[in-house]
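A.B. asks: Following this message is one structure expressed as structure tokens.
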């Protein structure tokens with residue numbers, strides 16, 4: 001990295017930023033777009049992994065992770081400008097002016113009027129992923145006194161294009177550029193392979209040559225004396241640091257009485273199948289047999305099993321001989337998506 005980290009990245013690395021996805025609508029057609037079919041080109045809203053039906057869902061998710069800030073993304077949030085402005089005001093109004101908000105946009109709809117309205121609403125930082133014809137939007141944002149920069153993927157063989165963008169950003173006194181490692185995902189894998197990209201051996205998703213291109217650009221920026229931050233973010237940081245830290249923060253607030261918090265940000269619990277009973281009936285039977293309050297055990301998401309903490313496992317085996325027991329790791333999200341399961 002050349003220079004300090006952009007302001008909006010600092011809380012991200014602590015897992016302290018909520019990701020507010022305001023719409024999947026976008027006028028761009030990036031072949032490397034990672035959006036899933038549940039989001040891409042759909043006018044849906046998510047706060048982290050939570051589908052948003054009302055403002056309260058956003059506030060509750062922010063509280064669940066003790067959010068210090070929010071990253072507003074899409075699609076292009078400016079395609080739903082009124083909605084985006086409302087959310088910025090909502091977040092600032094509830095969490096306070098120190099709640100740092102940054103926003104991603106390709107810039108196509110970043111008119112002067114839109115930028116003025118975003119600044120007035122309280123947006124702290126704007127990150128452009130611009131096509132060449134939209135570079136001037138960064139200059140417009142800077143002219144309005146906004147903290148503005150760019151965020152782009154590191155595409156193998158295209159280091160010179162990023163250098164050209166950096167030269168332009170330096171000329172308009174932009175504040176930063178983030179360069180992200182190119183990643184494979186189910187949504188873009190075909191397009192990337194069609195263009196000759198390959199996953200690094202031993203990696204889950206990182207594209208060969210992406211890190212090398214990014215480091216070439218960072219080294220060049222240092223040699224050129226570029227004065228604003230030129231920051232490279234590898235995919236491992238997002239997966240092993242940002243996401244894990246955010247999940248850990250959520251688990252601290254959202255872990256249920258029968259769940260234990262694990263180092264990787266997931267929660268663990270023992271799932272018990274009670275012979276001849278399921279759901280709430282099984283929960284009542286097991287709680288009565290164990291002599292504990294029903295609030296100390298839970299009903300599994302499938303409705304057929306009961307969840308208990310580790311300290312009750314031996315007692316469960318005693319009061320219900322032959323009960324099928326498994327240990328389940330899950331993400332501490334509202335839906336408790338299963339991460340792994342092991343028979344006990």
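Please treat every number below as a calculation from the coordinates, not as lab data. All values derive from a computational prediction rather than experimental measurement. Here the Cβ positions follow ideal geometry from the backbone for every residue, glycine too, while neighbour counts run over all protein chains shown.
A.B. asks: Subtracting the Cα-Cα distance from 0.36 nm times the residue separation, let me have the gained length for residue 335 to residue 113 in nm, one decimal.
C.D. replies: 76.0 nm
A.B. asks: Whole angstrom only: what separates the Cα centroid of the range 295-331 from the Cα centroid of the range 132-189?
C.D. replies: Answer, in whole Å: 50.
A.B. asks: Okay, next question. Under the rule of -39500 (n - 2.57) per DSSP H run of 4 or more residues, summed and divided by the residues of the chain, what mean residue ellipticity at 222 nm is obtained, to the nearest 500 deg cm²/dmol? Each step should come with its number before you reach the end.
C.D. replies: Values: 11 runs with 115 residues, N = 344.
Mean residue ellipticity, 222 nm, calculated: -10000 deg cm²/dmol.
A.B. asks: Return one number: the angle in degrees, 0 to 90 and rounded to the nearest 10, between the long axis of the Cα atoms of helix 279-290 and the longest principal axis of the Cα atoms of the chain.
C.D. replies: Helix 279-290 sits at roughly 60 degrees to that axis.
A.B. asks: Still on this structure, I have one more. For the chain, find the longest principal axis of its Cα atoms and tell me its angle to the long axis of helix 243-254, 0 to 90°, nearest 10.
C.D. replies: The helix 243-254 is inclined about 40 degrees to the chain.
A.B. asks: What whole-number distance in Å separates the alpha-carbon centres of the range 9-79 and the range 237-271?
C.D. replies: The two parts, judged by their Cα centres, are 20 Å apart.
A.B. asks: Counting only DSSP beta bridges with both residues in the chain, tell me the antiparallel percent, nearest 5. Could the numbers behind the result be given before it?
C.D. replies: Details: 26 of 52 bridges.
In the chain, DSSP labels about 50 percent of beta bridges as antiparallel.
A.B. asks: Follow-up question, since we're still on this one. To the nearest 10 degrees, how steep is helix 210-224 against the longest Cα principal axis of the chain, on a 0 to 90 scale?
C.D. replies: Approximately 40 degrees, to the nearest ten.
A.B. asks: Moving on. By how many nm would the segment from residue 223 to residue 284 lengthen if fully extended, with 0.36 nm per residue of separation less the alpha-carbon distance?
C.D. replies: On the way: separation 61, 0.36 × 61 = 21.96 nm, distance 6.86 nm.
Full-extension gain reported as 15.1 nm.
A.B. asks: Calculate, for residue 292 and residue 66, the FRET efficiency according to 1/(1 + (r/R0)^6) with r their C-beta to C-beta distance and R0 30 Å; round to the nearest 0.05. Show your work: numbers first, answer last.
C.D. replies: Values: r = 30 Å, r/R0 = 0.99.
Once the sixth-power term is evaluated, E becomes 0.50.
A.B. asks: Right, another one. Once you've got the GNM for the chain with C-alpha springs shorter than 10 Å, pick whichever of 229, 77, 34 has the biggest mean-square fluctuation.
C.D. replies: Checking each option, the largest mean-square fluctuation is seen for 34.
A.B. asks: By its C-alpha gyration tensor, with a ≥ b ≥ c as the square roots of the eigenvalues, how is the range 1-153 shaped: rounded for a/c under 1.5, else prolate for a/b larger than b/c, else oblate? Kindly include the intermediate steps, with their values, before the conclusion.
C.D. replies: Values: a/c = 1.39, a/b = 1.16, b/c = 1.20.
It comes out rounded by the Cα gyration axes.
A.B. asks: Return the ratio Rg/(2.2 N^0.38 Å) for the chain, where Rg is computed over Cα atoms only.
C.D. replies: On the way: Rg = 23.4 Å, N = 344, 2.2 N^0.38 = 20.2 Å.
Rg over 2.2 N^0.38 Å, computed on Cα atoms: 1.15.
A.B. asks: For residue 161 and residue 304 in the same chain, what is the full-extension length gain: residue separation times 0.36 nm, less their Cα-Cα distance, in nm?
C.D. replies: Values: separation 143, 0.36 × 143 = 51.48 nm, distance 5.56 nm.
Here the answer is 45.9 nm.
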